[in-house]
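None of the figures in this text is laboratory data; all of them are computed from the coordinates on show. What you see is a predicted model; the values in this text were computed from it and never measured. Cβ sites come from the backbone with ideal geometry, for glycine too, and all protein chains shown count toward neighbours.
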Amino acid sequence: MAQISTGSSPTAEDQRRLDDLYEMLRRESEHSVGYPCNQLFDYGPLYRFLDLPVNNIGDPYVTSNFHVNTHPFEREVVETLGRLTRAPAGSFWGYVTSGGTEGNLYGIFLGRELFPGGVVYYSEDTHYSVNKILRCLQVRNIMIKSDPDGRMDLDDLRETLKIHRDVPPIIFANIGTTMKGAIDDVAGIRRIFDDLAIHAHYIHSDAALSGMILPFVDDPQPWDFSDGVDSIAISGHKMIGSPMPCGVALAKKSHVDRIARNIEYVGTLDTTVLGSRNGVTPLFLWYALRTVGLEGFRRRVESCFETADYAIRRLKEIGRDAWRHRNSITVVFPRPSMRLIRRWQLAPHRHDAHVIVMPHVTREQIDRLVEDIAGDTPDPTEERGTS
Amino acid sequence: MKEIKVVSENRPNMVAEITGALADAGVNIEFISAENVGGSGVVSLTVDRYDEALRALARTPFQAISEDAIVIRLEDKPGELARITRRFKDANLNLRSIRIIRREGGTGIIAVAAEQPEQAKKLLKDVLIS
């Protein structure tokens with residue numbers, strides 16, 4: 001068993017292990033086309049901050065006694081994403097999270113705090129982590145069917161809501177499902193509320209990936225604050241790109257203030273889920289937003305669509321039924337063999353697999369993948385859950 | 001005796017794969033039955049080491065459902081889930097969660113968790129997968 005040295009520099013063996021690990025990670029990242037992690041970033045100028053014990057504990061909008069934090073930069077990130085999600089100035093609150101799951105946890109938590117007796121409705125195509133959140137929060141929940149393209153089946157939702165009109169619905173809306181990139185019809189959901197005269201309701205948008213796509217397209221599906229949602233989770237390590245997982249939780253300030261007032265009774269105004277929080281990831285996000293710029297992200301998104309359409313064309317050329325949703329960079333195609341799934345780190349689900357055409361994915365990578373798929377021999381029927 | 005249900009697409013070697021995975025984990029099967037529900041295979045089993053069995057099954061391609069959930073079958077058509085939730089409302093029973101496990105061949109397999117499981121089972125007896 002390897003021993004951990006207490007000296008100031010690693011042993012030769014430790015150094016060799018680190019070198020091997022680095023090489024393995026570098027090699028594997030070249031074949032990573034199934035998961036939505038953008039690899040196109042350079043945070044070299046920020047590495048000096050890793051020498052400091054930065055900690056963003058607490059609410060970024062509240063002065064803290066711990067001063068080794070990056071709260072001002074975190075607030076700028078939140079303000080920028082607030083504008084991208086069309087929240088009226090001064091009407092929203094947010095913070096940088098550890099990733100999309102914490103943002104979703106925050107959204108459902110807020111919904112449950114506002115409506116303690118509420119029921120969470122979410123679709124069949126929702127990411128598995130939401131089940132964990134529902135268990136943690138012990139909130140009542142009902143899964144709604146998805147249509148074949150992965151969107152929440154609104155007929156099913158309507159029928160279920162009809163029976164529970166007196167119970168406030170907390171809708172977990174997928175703004176880009178994990179497997180198919182499908183976007184739940186937020187406008188349609190709101191119409192059902194109106195039709196059924198349901199006045200007390202809450203909508204959380206899980207826009208982990210699409211939250212940094214839809215602000216840059218000409219015809220976005222309804223998904224943001226101006227479309228009537230109450231909270232939004234966006235991942236930072238997905239479309240923006242970061243060496244560490246992170247994200248942003250955004251919510252209507254009026255909702256958060258109600259929660260904050262509750263917590264005042266126990267002597268704190270801490271509105272975030274976690275206590276100690278990463279203070280470096282807000283810097284990464286701030287740096288990307290400043291250096292890539294919003295126009296840069298718009299160009300990146302356009303480029304991703306072009307590469308995604310290229311992937312669809314190439315897959316169709318070899319007889320694979322490939323497709324994507326409007327405004328999605330997730331290209332869905334029939335599941336290949338496990339050998340290829342492992343080699344290209346594809347995320348399979350039942351009979352489908354997908355490529356997520358992130359900014360770092362090139363046409364050359366697509367060509368190599370398509371070549372592999374063309375020569376592939378499918379496994380005998382096999383089925384696994386979403387990865 | 002705690003029961004586990006395993007749900008998958010219906011495939012000929014399903015039972016063999018399940019029993020193999022459990023044998024590899026040193027789990028003894030005390031009872032096992034398999035049935036075809038719509039286009040899905042449902043295997044019910046009881047074992048001597050419940051938690052170990054759930055861990056072993058989590059490493060297989062199959063979906064294992066612990067006894068905490070009541071597993072039912074429904075027609076795959078709009079409003080069927082609503083029909084079930086209405087029963088709970090009418091009976092004044094609290095429903096904790098409803099989760100769709102599979103939909104295949106016009107049939108949905110659904111896991112229901114309720115605060116009073118025995119009463120809930122009675123309420124769902126016509127759609128229970130035994």
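Summary table
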{"item": "Relative contact order (%) - criterion: Cα under 8 Å, at least six apart; region: chain A", "result": "22 percent"}
{"item": "5 angstrom amide H check on B:Glu9, placed H, neighbours 5+ away", "result": "B:Gly41"}
{"item": "Residue-wise HN-Hα coupling along the stretch A:116-124, computed from phi with Karplus coefficients 6.51, -1.76, 1.60 (Hz; x: Gly, Pro)", "result": "x, x, x, 10, 8, 10, 8, 8, 4"}
{"item": "Relative compactness, the stretch B:70-123, computed as alpha-carbon Rg over 2.2 N^0.38 Å", "result": "1.09"}
{"item": "At most 11 other Cβ within 10 Å, DSSP loop - trypsin sites (Lys or Arg not before Pro), the stretch A:303-365", "result": "A:Arg326"}
{"item": "Pairs beyond 28 Å (Cα-Cα), from A:Lys180/A:Lys316; A:Lys238/B:Lys5; A:Lys162/B:Lys125; A:Lys162/B:Lys5; A:Lys145/B:Lys122", "result": "A:Lys238/B:Lys5; A:Lys162/B:Lys5"}
{"item": "Cα shape, the stretch B:3-65, gyration tensor, a/c 1.5 rule", "result": "prolate"}
{"item": "Max mean-square fluctuation residue, GNM over chain B, Cα-Cα springs under 10 Å, options B:Asn92, B:Asn36, B:Asn28", "result": "B:Asn92"}
{"item": "Degrees, to the nearest 10: B:80-91 long Cα axis against longest axis of chain B", "result": "70 degrees"}
{"item": "Long-range amide H partners of A:Lys180 with built H, under 5 Å", "result": "none"}
{"item": "Percentage relative contact order, the stretch A:15-89, counting C-alpha pairs under 8 Å, at least six apart", "result": "16 percent"}
{"item": "Ascending count of other beta-carbon atoms within 10 Å, so fewest first, for A:His237, A:His67, A:His31", "result": "A:His67, A:His31, A:His237"}
{"item": "Sparse-neighbourhood loop sites, trypsin sites (Lys or Arg not before Pro) in the stretch A:144-235 - DSSP loop, at most 15 other Cβ within 10 angstrom", "result": "A:Arg165"}
{"item": "Listed residues A:Val119, A:Val248, A:Val62, most fluctuating in chain A (Gaussian network, C-alpha, under 10 Å)", "result": "A:Val62"}
{"item": "Neighbourhood net charge (15 Å Cβ-Cβ; Lys/Arg +1, Asp/Glu -1) for A:Pro215", "result": "-1"}
{"item": "Chain A: antiparallel DSSP beta bridges as a percent of all, rounded to 5", "result": "55 percent"}
{"item": "Percentage relative contact order, the stretch B:3-65, counting C-alpha pairs under 8 Å, at least six apart", "result": "46 percent"}
{"item": "The stretch A:52-291: Rg to Rh, with Rh as the Kirkwood radius over Cα pairs", "result": "0.96"}
{"item": "Shielding by partners, peptide B:74-82 (average Cβ within 10 angstrom, other chains)", "result": "5"}
{"item": "Calculated Rg and Dmax of chain B using C-alpha coordinates, Å", "result": "15.0, 46"}
{"item": "Taking all pairs of distinct alpha-carbon atoms in the protein assembly as shown, Kirkwood radius in angstrom", "result": "24.8 Å"}
{"item": "Filtered trypsin sites (Lys or Arg not before Pro), the stretch A:58-141: DSSP coil and at most 15 other beta carbons within 10 Å", "result": "A:Arg86"}
{"item": "Structure-based [θ]222 nm, chain A - -39500 (n - 2.57) summed over DSSP H runs of at least 4, per residue, nearest 500", "result": "-11500 deg cm²/dmol"}
